[in-house]
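Asks: One structure follows; several queries about it will come next.
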Amino acid sequence: MASEQNKKLKLYSYWRSSCSFRVRIALNLKGLKYDYKPVNLLKGEQSHPEFLKLNPVGFVPVLVDGDFVLADSLPIIMYLDDKYPQHPLLPSDIHKRAINFQASHIVSSAIQPLQNLSVLNYIGEKVGPDEKLAWVQSVLRKGFTALEKLLKDHTGRYATGDEIFLADVFLAPQLHAAFTRFSIPMNEFPILSRLYETYNATPAFQEALPQNQPDAVQ
Amino acid sequence: MGIGRKVVLYSYWLSSCSWRIRFALSHKGIPYEYKAVDLVKGEQFSPEFEKLNPLHCVPVLVDDNVVVSDSYAIFLHLEQKYTRKPLLPVDPQIRALNLQIASVINSSIQPHHMIGALKDMEKMFGAETKQWAQYKIDKGFLALEKLTKNVAGTYATGERIYMADVFLAPQIMQAVNRFDIDMSKYPTLRKLSETYKGLAEFHASSPQSQPDACTTVD
């Protein structure tokens, strides 16, 4: 039976990658089933020739949808939103859309790249392992301070109102990393910590958590 | 036809992120008011500017009563609101590729060599920040070369100017002029850069054409 429903999506992901976490949330929100293909970043599997054929940049996540291969969390999520319109991830109001784009980019360009694995390894090597946490915390604090200001006139139950949109998909993994791995005290950021608790009670987010993935290491 | 409605762009002449948006506005034929933010004098930290962007970065776009910061977010906002001369293709795979190329630049390259991030790193690494910036640019350009070499035509993803070109043009110029990147390693990118230099919108948006351009550089 070669029907649309039987053609399964494949997601190349690493359990702890916050970029992969974003796509897992989006897939769950849209009720899309997928094959989970683990890529072990610590073992360098992202540099293996078979993976580089899929994404020459050597990053997760990568989504395979039939003949389409897509890489990078934002293009993947925008593709999913175009092709599978159930549970739209962008609001129709243009102003609210702009807030969602900004919040997601504060995460994806002002925070995440400055504290990802490659940066931490470099800092550990060149400066010292003790500096890594201080660096990450300063990056997180700058970004979170900006997010608190951006969102304060827009939050409802979720980041930009009472429905889950793009901003939530990007925020949840970043907040998870900050509060569980990098010891940022939640009370410093009241809006973000309230959102974090809301995400933790929402099934689509819970199922996407790192520790619930097939390649999670306990 | 929107008479009296004004688009305002907060920009710094040398900022490659601001350049991207100047390029897009020029390409789409959208007139705008230029408001200079002198990053060297620290004008991005003024209380008035902080209200516009709590992350203290340019560019910021004010369009009617919508305030958008982050060049990727501004780009998507402009693309959705001003549909003349589209900068994203309809084909889903090429569209996703443009989003990915822009994302590599916006998240994996530029944040690592922006003035603020380098100053923070100088406190930790001392004189090595230029090498760090070059390392990140080279890593990113290697990825971009791989992404474009089989799809580039006159422009990055074919025969029309799209988002990838808008982000590539300023990034390549910045890499060569400020960080001495050897472009002979990236023949596709180098060829694209030569093509961009022949475009009217490239010249209109380039640093030297801006109201706040200086004849001497610090």
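Asks: How much FRET efficiency would the formula 1/(1 + (r/R0)^6) give for B:GLN131 and A:GLU188, where r is the Cβ-Cβ distance and R0 is 51 Å, rounded to 0.05?
Replies: My answer for the efficiency is 0.90.
Asks: Can you bin the range A:60-112 into rounded, prolate or oblate? Criterion: square roots of the alpha carbon gyration tensor eigenvalues sorted a ≥ b ≥ c, rounded for a/c under 1.5, prolate for a/b above b/c, oblate for the rest. Write out the running numbers ahead of the final one.
Replies: Values: a/c = 3.61, a/b = 1.27, b/c = 2.84.
Judged from the Cα gyration tensor, the range A:60-112 comes out oblate (a/c at least 1.5, b/c at or above a/b).
Asks: Which one of B:PHE202, B:GLN131, B:MET183 has its Cα pushed farthest toward the positive end of the charge dipole of the range B:120-218, where Lys and Arg give +1 and Asp and Glu give -1 at the Cβ?
Replies: Positive-end residue among those listed: B:MET183.
Asks: Just to confirm my numbers, what's the Cα centroid distance between the range B:175-198 and the range A:13-45 in Å?
Replies: 34
Asks: Within 10 Å of each candidate Cβ there may be at most 11 other Cβ atoms; applying that plus a DSSP loop requirement, which trypsin sites (Lys or Arg not before Pro) in the range A:1-71 survive? Working shown, then result.
Replies: Working: sites: A:LYS7, A:LYS8, A:LYS10, A:ARG16, A:ARG22, A:ARG24, A:LYS30, A:LYS33, A:LYS43, A:LYS53; in loops: A:LYS7, A:LYS8, A:ARG16, A:LYS30, A:LYS33, A:LYS43.
Listed in order of number, the matching sites are A:LYS7, A:LYS33, A:LYS43.
Asks: Right, next: With a/c under 1.5 counting as rounded, go ahead and sort the protein assembly as shown into rounded, prolate or oblate using the C-alpha gyration tensor (a ≥ b ≥ c being the square roots of the eigenvalues; past the cut-off, prolate if a/b is larger than b/c, else oblate). Don't skip to the answer; put the middle values down first.
Replies: Working: a/c = 1.25, a/b = 1.21, b/c = 1.03.
Since a/c stays below 1.5, the shape of the protein assembly as shown is classed as rounded.
Asks: Please give the calculated 222 nm ellipticity per residue for chain B, where each DSSP H segment of at least 4 residues contributes -39500 (n - 2.57) and the sum is spread over every residue; nearest 500 deg cm²/dmol?
Replies: Values: 9 runs with 106 residues, N = 218.
Value at 222 nm, helices only: -15000 deg cm²/dmol.
Asks: Right, here's the next one. Pairs to check: B:LYS41/B:LYS191; A:LYS37/A:LYS149; A:LYS37/B:LYS139; A:LYS96/B:LYS28; A:LYS126/A:LYS149; A:LYS37/B:LYS51. Give those whose C-alpha atoms are more than 32 Å from each other in this structure. Mind showing how you got there, number by number?
Replies: Values: B:LYS41/B:LYS191 36 Å; A:LYS37/A:LYS149 38 Å; A:LYS37/B:LYS139 25 Å; A:LYS96/B:LYS28 23 Å; A:LYS126/A:LYS149 34 Å; A:LYS37/B:LYS51 44 Å.
Violating the 32 Å Cα-Cα cut-off are B:LYS41/B:LYS191; A:LYS37/A:LYS149; A:LYS126/A:LYS149; A:LYS37/B:LYS51.
Asks: Can you tell me which lysines have their Cα less than 26 Å from the Cα of A:LYS33? Leave out same-chain residues fewer than eight positions away.
Replies: The reachable lysines, counting only those whose Cα sits under 26 Å from A:LYS33, are A:LYS7, A:LYS8, A:LYS10, A:LYS53, A:LYS83.
Asks: Continuing with the same structure: Considering every residue in A:65-75, what mean count of other chain Cβ atoms within 10 Å of its Cβ is obtained? Show your work: numbers first, answer last.
Replies: On the way: counts 1, 0, 1, 3, 2, 7, 7, 10, 3, 9, 10.
If you average over the peptide's residues, the count of other-chain Cβ atoms is 5.
Asks: Take every residue in peptide B:95-102, count the Cβ atoms of other chains within 10 Å of its Cβ, and give the average of those counts.
Replies: Details: counts 5, 12, 4, 1, 9, 10, 3, 3.
Per residue, the average neighbour count from other chains is 6.
Asks: Enumerate the amide H contacts of A:GLY161 below 5 Å, restricted to partners 5 or more residues apart or on another chain; note that Pro and chain-start residues carry no placed amide H.
Replies: Placed amide hydrogens put A:GLY156 under 5 Å from A:GLY161.
Asks: Running a GNM on chain A with Cα contacts under 10 Å, which residue among A:ALA201, A:ALA71, A:ALA178 ends up with the highest mean-square fluctuation?
Replies: In the Gaussian network model the winner is A:ALA201.
Asks: Quickly estimate the mean residue ellipticity at 222 nm for chain A, helices only: each DSSP H run with n ≥ 4 gives -39500 (n - 2.57), and the total goes over all residues, rounded to 500. Walk me through the numbers before you get to the answer.
Replies: On the way: 9 runs with 104 residues, N = 218.
Counting only the DSSP helices, I get -14500 deg cm²/dmol.
Asks: Write out the trypsin sites (Lys or Arg not before Pro) in the range B:1-56 meeting two conditions: DSSP loop, and at most 13 other Cβ atoms within 10 Å of their Cβ.
Replies: On the way: sites: B:ARG5, B:LYS6, B:ARG20, B:ARG22, B:LYS28, B:LYS35, B:LYS41, B:LYS51; in loops: B:ARG5, B:LYS6, B:LYS41.
For trypsin sites (Lys or Arg not before Pro) across the range B:1-56 that sit outside H, G, I, E and B with at most 13 neighbouring Cβ atoms in 10 Å, the list reads B:ARG5, B:LYS6, B:LYS41.
Asks: Round to a whole number: what % of the accessible area of the protein assembly as shown belongs to carbon and sulfur, probe 1.4 Å? Numbers along the way, then the final one.
Replies: Details: 9970 of 18850 Å².
For the protein assembly as shown, the apolar C and S fraction of the accessible surface comes to 53 percent.
Asks: Tell me the per residue accessible area of chain A using a 1.4 Å probe; a whole number in Å² is fine. Spell out each step's value before the answer.
Replies: Working: 9420 Å² over 218 residues.
Accessible area per residue: 43 Å².
The values are calculated or read from the model by the stated rules, or taken from the named source; none is laboratory data. All of these numbers come straight from a predicted model, not from anything done at the bench. Virtual Cβ from ideal backbone geometry, glycine too; neighbours counted across all protein chains shown. What goes into the accessible areas is simple: the full protein's heavy atoms, side chains included, and nothing from ligands, DNA or RNA. Shrake-Rupley method; radii C 1.70, N 1.55, O 1.52, S 1.80 Å.
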